[in-house]
Amino acid sequence: AKDLGANLVLTGSMMRDGDRIRVTYSVLDSTSGRELGDLVEGNVTNLFGVQDDVADSVARNLQLGEATVRVALDQGQLELHYQPLFDLEQNRVCSFEALLRWNHPTRGQISPVEFIPVAEDIGLIVPLGEWVLNEACTTAAAWPRDTKVAVNLSPVQFRNGALVRSVRKALAGAGLAA
């Protein structure tokens, strides 16, 4: 536990969950033992001036929930950035990795580390992943034919059972060979 001052304590735990390590933090009132989210009903960003990066992340993530991630997808706040992968033997770019980014209207760039676990937890990762596949394939269709695109996938997408169908649909929709 870390003392944040004003009777607030940051506690955390780490647990292995399949392929992931899940880190959970709570901000507690040390006098009552109640979680800060319970005390202020989840609105903590302007409650106190936290300088600690971990505590600041906890405060932000209390507000990052299902509705916000759904809005990001529905309102076009998500975007793909393409990182080139260079083939040294051929001395050229041979493929690109599609990297998902969230350009939030008030918070700016939100790391996938913050919103992908939320999307997995609320069951939004499959439609989010389909959007990524469709966008990446559509973009790749304009590239030279021998240039590939790589898309990161969540283990949840593999367990869903519709992944192969989603990939085939994205490829066909963009006019790319399977």
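The values are calculated or read from the model by the stated rules, or taken from the named source; none is laboratory data. Because the structure is predicted, anything quoted here is derived from the model rather than measured. With ideal geometry, Cβ positions are generated from the backbone for all residues, glycine too; neighbour counts draw on all protein chains shown. Calculation scope for accessible area: heavy atoms of the full protein, side chains included, ligands and nucleic acids excluded. Shrake-Rupley method; radii C 1.70, N 1.55, O 1.52, S 1.80 Å.
Pull up the stretch 134-174, narrow it to residues that are part of a helix (DSSP H, G or I) and among the charged types (D, E, K, R), then point me to the one that is modelled with the lowest pLDDT. Outline the logic, then answer.
Start the filter on the stretch 134-174 by keeping residues that are part of a helix (DSSP H, G or I), which leaves 134-140, 155-160, 163-174.
Among the residues that remain, those that are also among the charged types (D, E, K, R) are: 135, 159, 165, 168-169.
Details: GLU135: 96, ARG159: 88, ARG165: 94, ARG168: 94, LYS169: 95.
The extreme case among them is ARG159.
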Boolean, ARG101 is over 14 Å from the mean Cα position of the chain (by Cα) and open to solvent by 50 Å² or more (accessible area, probe 1.4 Å): no
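Only one of PHE96, PHE86, PHE115 is in a strand (DSSP E or B) and open to solvent by less than 60 Å² (accessible area, probe 1.4 Å). Can you tell me which? Spell out how you get there, then give the answer.
Numbers: PHE86 fails: open to solvent by less than 60 Å² (accessible area, probe 1.4 Å); PHE115 fails: in a strand (DSSP E or B).
After applying the criteria, what remains is PHE96.
May I ask you to list the residues in the stretch 84-129 that are charged (D, E, K, R), in contact (Cβ under 8 Å) with a residue 40 or more places away in the chain and closer than 21 Å to TRP143 by Cβ?
Just the residues of the stretch 84-129 that are charged (D, E, K, R), to begin with: 87, 89, 92, 97, 101, 107, 114, 120-121.
Cutting the leftovers down to in contact (Cβ under 8 Å) with a residue 40 or more places away in the chain gives us 97, 107, 114.
Correct list: GLU97 only.
May I ask you to list the residues in the stretch 122-146 that are open to solvent by 20 Å² or more (accessible area, probe 1.4 Å) and over 20 Å from the mean Cα position of the chain (by Cα)? Give the derivation first.
As a first pass, look at the stretch 122-146 and keep what is open to solvent by 20 Å² or more (accessible area, probe 1.4 Å): 122-123, 126-127, 130-131, 134-135, 138-139, 141-146.
Correct list: THR138, THR139, ALA141, ALA142, TRP143, PRO144, ARG145, ASP146.
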